[in-house]
Amino acid sequence: MLVVKESFLVSGMKQIFTQESDASNFLKRRGKQSPKSQDEVNVENRQKLQADELRREYYGEQRNEFENFVEEQKDKQERSQEAVEQWRQ
């Protein structure tokens, strides 16, 4: 036996034919999905918080390295300017 499902698309109405057993299996699987337990929610939240912390640490280290690089470049430029001024004298 075939089950007819209708859905509206931009081009109009389209019919989709599915075997009754496939439709039944789909509905059974959907019915078995239960809400997450509080423990599962807590574990996911801890994992998200840990990932956020690692991301903050990583980007903080990247920012510090870049700031150190900029400071070194600035110092190098100042030393170069001082050397040029001494040479001119």
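A few comments on the model shown:
- For segment 47-69, the set of residues classified as open to solvent by 70 Å² or more (accessible area, probe 1.4 Å) and more than 16 Å from the chain's Cα centre (by Cα) consists of Glu57, Glu61, Gln62, Arg63, Asn64, Glu65, Phe66, Glu67, Asn68, Phe69, listed by residue number.
- When residues of segment 70-79 are limited to those that are open to solvent by less than 100 Å² (accessible area, probe 1.4 Å) and not hydrophobic (A, V, I, L, M, F, W, C), the one farthest from the chain's Cα centre (by Cα): Glu78
- Only listed residue being in contact with a strand residue (DSSP E or B) (Cβ under 6 Å, 6 or more places away or on another chain), hydrophobic (A, V, I, L, M, F, W, C), surrounded by 10 or more Cβ atoms within 10 Å (Cβ to Cβ) and at pLDDT below 95, chosen from Val3, Val43: Val3
- Flag for Glu82 being within 28 Å of the chain's Cα centre (by Cα) and in a helix (DSSP H, G or I): no
The values are calculated or read from the model by the stated rules, or taken from the named source; none is laboratory data. Nothing here was measured: the structure is a model prediction, and the numbers come from that model. Positions of Cβ are generated from backbone atoms using ideal geometry, with glycine treated the same way; all protein chains shown enter the neighbour counts. Ligands, DNA and RNA are stripped out before the accessible areas are found, and what is left, the full protein with its side chains, is counted by its heavy atoms. Shrake-Rupley method; radii C 1.70, N 1.55, O 1.52, S 1.80 Å.
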